[in-house]
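Participant: If you scroll down you'll find the structure; I have some questions about it.
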Amino acid sequence: DQQVKQNSPSLSVQEGRISILNCDYTNSMFDYFLWYKKYPAEGPTFLISISSIKDKNEDGRFTVFLNKSAKHLSLHIVPSQPGDSAVYFCAAKNTGTASKLTFGTGTRLQVTL
Amino acid sequence: DTAVSQTPKYLVTQMGNDKSIKCEQNLGHDTMYWYKQDSKKFLKIMFSYNNKELIINETVPNRFSPKSPDKAHLNLHINSLELGDSAVYFCASSQLPAGGDTQYFGPGTRLTVL
């Protein structure tokens, strides 16, 4: 049972435009959400996170939006840059329990010139 | 300096062999993890240790045995390797075992079982 889903396996965006990556979850016990970025042959790198008490968190070009009623979150990257080309994983956890992250399957973002 | 390191980066071995993957973190974190990324790219938790104590043990065959000699190290030993064990294994660490804490990942070990 896949509790965190990223339904778009890939996304292509022009440099300078906005990239929007989506993530849906089914487990209502999740209360903390993270986005990780992964380059080939490297481990996932933490990008940004959001607690369920918020609906938006911003860090530079990256903004994460959380819609709890829809069990949906999204990552906005603006403006997109070629160096943003990577696989982006959405992850979720229940902070009341031992810290297990549940990951989505990832979305491959390609930023073109 | 590398925060979370794993050795080896690549491991190719025959079915039935026993192998180990080592992980070390220099972040001073109390909690360490092993994740497996399979051919479908699912990243799934296998184990977690907090201060050398096992706190998460997902449904993993008992051929997999984690060992934490100290809180900076979490090694993964695999007995009687099978074809289905081929995957990328990631080690991670965080300061806290629970809560809104960020996990930091190592570069991964690609295991290929022939």
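The values are calculated or read from the model by the stated rules, or taken from the named source; none is laboratory data. Predicted model, so just to flag it, every value in this text is computed and none were measured. Glycine also receives a Cβ, built like all others from the backbone with ideal geometry; neighbour counts cover every protein chain displayed. Note: areas computed on protein heavy atoms with side chains; ligands, DNA, RNA excluded. Shrake-Rupley method; radii C 1.70, N 1.55, O 1.52, S 1.80 Å.
Participant: Just to be sure, is residue B:38 within 8 Å of another protein chain (Cβ to nearest Cβ) and open to solvent by 20 Å² or more (accessible area, probe 1.4 Å)?
Facilitator: When the stated conditions are applied, residue B:38 does not pass them.
Participant: Something else now. In this structure, is residue B:60 open to solvent by less than 40 Å² (accessible area, probe 1.4 Å), more than 26 Å from residue A:52 (Cα to Cα), of a type outside the set (Ser, Thr, Tyr) and more than 14 Å from chain A (Cβ to nearest Cβ)?
Facilitator: no
Participant: Considering every residue within segment B:75-88, establish whether at least one is touching a Pro at 6+ places or on another chain (Cβ under 6 Å) and more than 10 Å from chain A (Cβ to nearest Cβ).
Facilitator: Yes; the residues of segment B:75-88 include at least one that is touching a Pro at 6+ places or on another chain (Cβ under 6 Å) and more than 10 Å from chain A (Cβ to nearest Cβ).
Participant: Report, by residue number, each residue of segment A:38-58 that is part of a strand (DSSP E or B) and either within 14 Å of chain B (Cβ to nearest Cβ) or touching a residue at least 12 places away in the same chain (Cβ under 8 Å) (or both).
Facilitator: Within segment A:38-58, A:38, A:45, A:46, A:47, A:48, A:49, A:50, A:51, A:57 meet the criteria.
Participant: Still on this structure: Which of the residues belonging to segment A:80-90 are assigned to a loop (DSSP other than H, G, I, E, B) and open to solvent by less than 60 Å² (accessible area, probe 1.4 Å)?
Facilitator: Selection gives A:80, A:85.
Participant: Could I ask something else about it? Kindly provide the set of residues from segment B:73-97 that are of a type in the set (Gly, Ala, Ser) and open to solvent by 30 Å² or more (accessible area, probe 1.4 Å), ordered by number.
Facilitator: B:80, B:84, B:86
Participant: Under 7 Å between Cβ atoms, which residue pairs at least 6 apart in sequence (or on different chains) link something in segment A:59-77 that is over 15 Å from residue A:37 (Cβ atoms) and among the aliphatic types (A, V, I, L, M) with a partner that is outside any strand (DSSP E or B) and open to solvent by 20 Å² or more (accessible area, probe 1.4 Å)?
Facilitator: If the second residue must be outside any strand (DSSP E or B) and open to solvent by 20 Å² or more (accessible area, probe 1.4 Å), the pairs left are A:66/A:52; A:66/A:54; A:66/A:55.
Participant: Listed residues A:95, A:105; which is within 14 Å of chain B (Cβ to nearest Cβ), more than 26 Å from residue B:95 (Cβ to Cβ), open to solvent by less than 60 Å² (accessible area, probe 1.4 Å) and outside any strand (DSSP E or B)?
Facilitator: A:105
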